[in-house]
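K.L.:
The structure follows.
No lab work stands behind these numbers, since they all come straight from the coordinates. Predicted model only: the values in this text are computed from it and were never measured. Backbone-built Cβ (ideal geometry, glycine too); neighbour counts: all protein chains shown.
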Ligand code: 3AM
């Protein structure tokens, strides 16, 4: 099962993010039910491995925190793959991600080597970025400059399965973990 660990958001935040996406006329928008902040991408895992991981994650102790969703940005501005909402780094998020990564390793799984860059993907443009998208994208980003969303209280995170379908990814929550001591 293709799986990952992520923070998802309360309905009010999802609705606000969807309103931000509504102004975008290009790219494949992430549907509201898929909006998340990835803490760890696990790739294909069997049920036994996920059960071991579930036990590890159940023991994780991390503090709830307030997350500030900052401005919009493009991953690789020349030929962007995706548009994302930035996240103001806070020590609690860094500590949570480190704790999750340690739990994943204790469960015998390996993590991608890339550095953790917290973000919420809003839209994808595909590997062959079409330069015709540049103008509408630049206009959209200019219109959205200074975007500020209300801070969101993060009180849990979850383990998700991701099924890749022709019409996009379908996520299913496998387990949820409350933050707190
Ligand atoms: O947080 P986002 O939506 O940017 O891109 C995938 C998505 O990230 C990422 O895991 C999240 C849930 O699918 N992902 C997919 N394949 C990956 C890989 N091989 C990956 N991250 C790292 N390595």
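K.L.:
So the label point goes 7 Å from the Cα of residue 167 along Cα→C-beta, right? Which residues of the stretch 32-48 then have their backbone N under 18 Å from it?
P.N.:
Zone members listed by number: 32-35.
K.L.:
If you don't mind, another one. As I understand it, the value is the acute angle between the Cα axis of helix 91-106 and the longest principal axis of the Cα atoms of the chain; what does it come to in degrees, rounded to 10?
P.N.:
With rounding to tens, the tilt is 50 degrees.
K.L.:
So for 144, 109, fewest C-beta neighbours within 10 Å to most, what's the order?
P.N.:
Details: 144 14, 109 19.
Fewest to most other Cβ atoms nearby, the residues stand as 144, 109.
K.L.:
Rank 36, 119, 127 by mean-square fluctuation in a GNM of the chain with C-alpha springs under 10 angstrom and give only the top-ranked residue.
P.N.:
127
K.L.:
Between the stretch 1-62 and the stretch 116-133, what is the separation of their alpha carbon centroids in Å?
P.N.:
17 Å
K.L.:
Report the dimensions of the stretch 26-105 along its three principal axes from the alpha-carbon atoms, largest first, rounded to Å.
P.N.:
Principal extents (Cα only, largest first): 41, 30, 24 Å.
K.L.:
Rounded to a whole number of µm²/s, how large is the Stokes-Einstein D of the chain at 20 °C and 1.002 mPa s, given Rh as the Kirkwood radius over C-alpha pairs?
P.N.:
The diffusion coefficient I find is 124 µm²/s.
K.L.:
Determine the gain in length on full extension of the stretch residue 155-residue 73; use 0.36 nm per residue of separation and subtract their C-alpha separation, reporting nm with one decimal.
P.N.:
Working: separation 82, 0.36 × 82 = 29.52 nm, distance 2.57 nm.
Residue separation times 0.36 nm, minus the Cα-Cα distance, leaves 26.9 nm.
K.L.:
At 7 Å along the Cα-to-beta-carbon direction for both residue 113 and residue 59, put a label point, then send me their distance in nm to one decimal.
P.N.:
Placing both labels 7 Å beyond Cα along the Cβ direction yields 2.9 nm.
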